[in-house]
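Some notes on the structure that comes next.
The values are calculated or read from the model by the stated rules, or taken from the named source; none is laboratory data. Nothing here was measured: the structure is a model prediction, and the numbers come from that model. Don't worry about glycine lacking a Cβ; one is built from the backbone with ideal geometry, like all the others, and counts go over all protein chains shown. In case anyone asks, the SASA skips ligands and DNA or RNA and just uses the protein heavy atoms, side chains included. Shrake-Rupley method; radii C 1.70, N 1.55, O 1.52, S 1.80 Å.
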2 protein chains.
Amino acid sequence: MTAGGSADGLAIGFQDIEAAAERLRGWAVETPLIENPHLNERVGGRILIKPENLQRSGAFKFRGAYNRLCQLDEAQRRAGVVAWSSGNHAQGVAAAAKLLGMPAAIVMPQDAPRLKIENTRNYGADVRLYDRWRESREEIAMGIARERGAVTVPPYDDPHIMAGQGTAGLELARQARAIGAPVEQLIVGCSGGGLIAGIATAVKHLEPDARIYSAEPAGFDDLARSLAGGERVSNAPGATSICDALMAPTPGQLTFPIHQALLSGGLTVTDEEVAQAMAYAFLVLKLVVEPGGAVGLAAVLSGKIQTAGHTTAILLTGGNVDPDSFGRIIAGAAAP
Amino acid sequence: MTAGGSADGLAIGFQDIEAAAERLRGWAVETPLIENPHLNERVGGRILIKPENLQRSGAFKFRGAYNRLCQLDEAQRRAGVVAWSSGNHAQGVAAAAKLLGMPAAIVMPQDAPRLKIENTRNYGADVRLYDRWRESREEIAMGIARERGAVTVPPYDDPHIMAGQGTAGLELARQARAIGAPVEQLIVGCSGGGLIAGIATAVKHLEPDARIYSAEPAGFDDLARSLAGGERVSNAPGATSICDALMAPTPGQLTFPIHQALLSGGLTVTDEEVAQAMAYAFLVLKLVVEPGGAVGLAAVLSGKIQTAGHTTAILLTGGNVDPDSFGRIIAGAAAP
């Protein structure tokens, strides 16, 4: 199992993403690239939407998980895998493990969205809940790994995970070219930064002039601040956000050098802007987007970058949200 | 303005749909054809989903409306159009009129979903609300037409409307071929039957062996009963359904001969099956579907036809639903 890396010392290169796309063929959904006339008219430009909420398991995370798991050897497959996650990586790993016929143990916070916990269990994974305030998920996961000889599957700081997530960018850039609208700028939601590292690697190879921005919730804008300051910084403890999927404390060790090399900057959105974007997705786009999946759309709708006259791509990264919190969030949102 | 009709005396033929597709190019959204691994695994076959809830105005209705309106001459455009509709045809006509710069008056029931009324107004239409139990919408509309010299735009019994709606079928059949999964059977939601008449005309031309079924809500299954009995019958007065978009009393005069010539039968679904389908669309497909838009999916999920081992296409015909009724309906649905 190898990831080639890049000539300039980064953890992955374009050929790793092409190889991942080959492995994912027939297993991941090639999500469409869609446009909405109302949104285009509203911003006075073209917004290309890559709806990864339509991906297998309801989020892009399946791409990276499958790319990692399908490269394990027979002995490793028998021992299985272990991962920790607030929910989307959990479902991605569980879904991939089920397809590959291997056991999976997943450590999840007990206050994760119910839908994410149930779906992970429905894929056959052994779910271990923990208390986010009193226990360490890494310790629990490492304990399981030792006990079972299981391989740990990190959520972002792993070349195979990054390369798998990057296949969404490979598809996006090619789909945009195919409709005669090459990507000029791209906004990608970010937690630990695996997705945006993979996507930037793919897109900058195909569209070297594209400007790529991260989008993060206020209070969890560690990447925006790390990019601005030139070194990895952490979020202040105790911050809260409705974006349960985007609460990683700091950019990854392997992902951050890629961010530094390829990104044009980091955008930050408030919970209120995220709620408005979710309501807009419901009312106009007719798509179900979870809070963490809506930060790119929120950045567009709240004018965080200039979109008039440009072709801007966004990812809707996931749609795994409990019906009752969904209803509460969009009911509370001001008219978008 | 001409619709050629078919050699065997039906109101439209394949060439009318090709001509409509030409007119709609660049104005209607070419909605993608999507698949969901969870759904395919559940039924043991392939379900090809054409999400017309992603269409301009949130429903397929824009296709027919634009095809009709863009063929009006200058004098007619100045006088404008008038239509009556429970909401999706209203929005389709209003959106098309706005793009073409002509006035539109729309007669809508006062108990139509708020979102449908607001959207129709937001497209600039003059909305006239009426009481479904005490007033005749046709009379009100005809009065406006006389007063203004406006052209009436019927919701389904018009060759140009049917041909426009049929473009969804043209796209669907070609998209299915392109992924190597030609349509074997197809389920289309039905009210007055314009959509299914247009789609059947397109699909049976390209896939003569495809079996096409209507789907209707219980109590409004006039087409299923008309097909079975060989003549147009009406629904019993006083029936209710959550499918506000599918309450036409009887198949159309022009649509029914096409239904008789091309359909394989009619399926009926209950409100509970529709609610389960809407919940499934939310939880698994991550798509917002209104009650009337979910009847095809409901027919698949409740096993109304054999889908195991087959390639079955469905349309999600619309997604215009108020957030509060949406929340109520999916909260009340049994686990799908």
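Remarks
Results for (1) under 19 Å from residue A:65 (Cα atoms); (2) open to solvent by less than 20 Å² (accessible area, probe 1.4 Å); (3) polar (S, T, N, Q), shown as yes or no for each residue.
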| site | (1), (2), (3) |
| --- | --- |
| A:135 | no, no, no |
| A:139 | no, no, no |
| A:142 | yes, no, no |
| A:145 | yes, yes, no |
| A:154 | yes, no, no |
| A:157 | yes, no, no |
| A:171 | yes, no, no |
| A:179 | no, no, no |
| A:185 | no, yes, yes |
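- Of all the criteria given as (1) part of a loop (DSSP other than H, G, I, E, B); (2) surrounded by fewer than 18 Cβ atoms within 10 Å (Cβ to Cβ); (3) in contact with a Gly (Cβ under 9 Å, 6 or more places away or on another chain), the one not satisfied by residue B:242 is (2).
- First in the stretch A:35-60 and under 17 Å from residue A:181 (Cβ atoms), second anywhere and surrounded by fewer than 22 Cβ atoms within 10 Å (Cβ to Cβ) and small (Gly, Ala, Ser), Cβ under 6 Å, 6 or more apart: A:44/A:308; A:45/A:308; A:45/A:309; A:46/A:181
- Residue list for the stretch A:232-259, filter: of a type in the set (D, E, K, R) and under 14 Å from residue A:214 (Cβ atoms): A:232
- Tally of residues being away from chain A (no Cβ under 14 Å) and within 26 Å of residue A:38 (Cβ to Cβ) across the stretch B:18-36: 4
- Failed item, numbered, when residue B:224 is tested on (1) in a loop (DSSP other than H, G, I, E, B); (2) under 23 Å from residue B:168 (Cα atoms): (1)
- Boolean, residue A:215 is surrounded by fewer than 23 Cβ atoms within 10 Å (Cβ to Cβ), in contact with a strand residue (DSSP E or B) (Cβ under 7 Å, 6 or more places away or on another chain), within 17 Å of residue A:47 (Cα to Cα) and at pLDDT 95 or above: no
- Some residue of the stretch B:256-274 being without any contact (Cβ under 8 Å) to a residue 40 or more places away in the chain, small (Gly, Ala, Ser) and either within 14 Å of another protein chain (Cβ to nearest Cβ) or more than 24 Å from residue A:29 (Cα to Cα) (or both): no
- Here residue B:194 fits the description: in contact with a helix residue (DSSP H, G or I) (Cβ under 7 Å, 6 or more places away or on another chain), more than 21 Å from residue B:277 (Cα to Cα) and touching a residue at least 40 places away in the same chain (Cβ under 8 Å).
- The residue that is surrounded by the fewest Cβ atoms within 10 Å (Cβ to Cβ), among those in the stretch A:324-336 that are in contact (Cβ under 8 Å) with a residue 40 or more places away in the chain and not hydrophobic (A, V, I, L, M, F, W, C), is A:332.
- Taken over the stretch A:108-133, the criterion of being part of a loop (DSSP other than H, G, I, E, B), away from every other protein chain (no Cβ under 14 Å) and open to solvent by 40 Å² or more (accessible area, probe 1.4 Å) is satisfied by A:110, A:111, A:132, A:133.
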